[in-house]
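Beneath this line is the structure, given in structure tokens, with notes to follow.
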Amino acid sequence: MRGRFAMMVAVLLLAGTSIFAWGVDSDKDGVRDKKDQCPQTPISARIDETGCPVDSDLDGIPDGIDHCSKTQQGWPVDAWGCPSDTDKDSVVDGQDSCADTPSGARVDYAGCPSDSDSDRVLDGLDRCDGTMPGYSVDGYGCPVDTDHDGVNDALDQCAGTRPRVTVDAGGCQVKSSPLFQPGVDKVRLEGLTFGKNEVVLPPESGTILMSTAASLKDWPDTRVEIGVHTDRAGSAATNLDLSRRRAEYVKNYLVGLGIDEARLTAKGYGEKGPVAEKTIELTRLQ
């Protein structure tokens, strides 16, 4: 009796185990393990009658998980089945003929960047569109003019031009007119007039002396004597002293504008010269 009962229990246990195993669905895809040919299907994946995932667009991401279910065959996709765009240029990798486009650069339909003004700085990154062909540009695509003379570095034939000088189309300084024309060794500085018994020139005289200094800088071989004359009002001795001090004043003014003192000689003539005439003359020194 006891043996028969044990046998019945064993049969029941074996049958229960078989029934249980037949009804198990390990990957929860609705297909029991016994019939499931793909027992490790990812959750949410759409399956066929054999329990295997369906991948309609053949991108390796099962339907149900694929957020972009109509991806063109052969295109690289991300984990959600959507076309990838590695360089973030809005052209998907599967169509991008120019991978690794710099961020911010404008691209064409094939994902390739453009450079409209051919300055080697891509459109979209270029802050100065329309730069003239052949110009030197900085990292932002803007023309470079290192010496600030208004001529681009690529065209500048005289780099390092000093500030505020006039230059030609090649960036080279346009010389000021010489103080002395051929055959002329003496010129009068017109418009320079000292006040009565004054040694300092009025402010408006600065323009004339700056022009004189510019010419002396552009013609460095020129040496001059600064001669000052007075009228005959007052004593001759006083006028001679006054003219000397005025000549020194003009000399020091030019030195202050960058003229080498060795090129300048100051001389006061007092009343000697034209009658009753206050003048400042420059004489070429050999």
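Since every read-out is calculated from the coordinates, none of them should be taken as a lab result. Fair warning: this is a prediction, and the values are worked out from it, not measured in the lab. Every residue, glycine as well, gets a Cβ built from its backbone with ideal geometry; the counts of neighbours run over all protein chains shown.
Listing for the model above:
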{"read-out": "The chain: angle of helix 236-256 to the longest principal axis, Cα-based, in degrees nearest 10", "value": "20"}
{"read-out": "Dipole moment magnitude, nearest 20 debye, the stretch 228-286 about Cα centre, only Lys, Arg, Asp, Glu C-beta charged", "value": "60"}
{"read-out": "Whole-Hz couplings from phi, Karplus 6.51/-1.76/1.60, listed for the stretch 177-189; x for Gly and Pro", "value": "5, x, 5, 10, 7, x, x, 10, 10, 9, 9, 9, 7"}
{"read-out": "At R0 = 45 Å, FRET efficiency that the Cβ-Cβ distance of R232 and R263 yields, to 0.05", "value": "0.90"}
{"read-out": "Distribution of pairwise C-alpha distances over the stretch 26-84, 10 Å bins, in %", "value": "28, 44, 24, 4"}
{"read-out": "I47 long-range amide H proximity, modeled H, under 5 Å", "value": "V54"}
{"read-out": "Highest to lowest packing among 71-78, 222-229, 249-256, scored as the average C-beta count within 10 Å", "value": "222-229, 249-256, 71-78"}
{"read-out": "Total charge dipole magnitude, the chain, about the Cα centre, Cβ charges on Lys, Arg, Asp, Glu only, Debye to nearest 20", "value": "1880"}
{"read-out": "Assigned charges on the beta-carbon of Lys, Arg, Asp, Glu; the stretch 39-115 dipole about Cα centre (debye)", "value": "160"}
{"read-out": "Dipole axis of the stretch 186-285 (+1 Lys, Arg; -1 Asp, Glu on Cβ), positive-most option in A213, L240, N197", "value": "L240"}
{"read-out": "28 Å tail of the calculated P(r), the chain, as % of Cα pairs", "value": "69"}
{"read-out": "Distance between modelled label sites at T193 and C68, nm, 7 Å Cα→Cβ extension", "value": "8.5"}
{"read-out": "Value of [θ]222 nm, deg cm²/dmol, for the chain, DSSP H segments ≥ 4, -39500 (n - 2.57) each, nearest 500", "value": "-6500 deg cm²/dmol"}
{"read-out": "Count of Lys pairs (Cα-Cα under 18 Å; at least 8 positions apart or interchain) in the chain", "value": "11"}
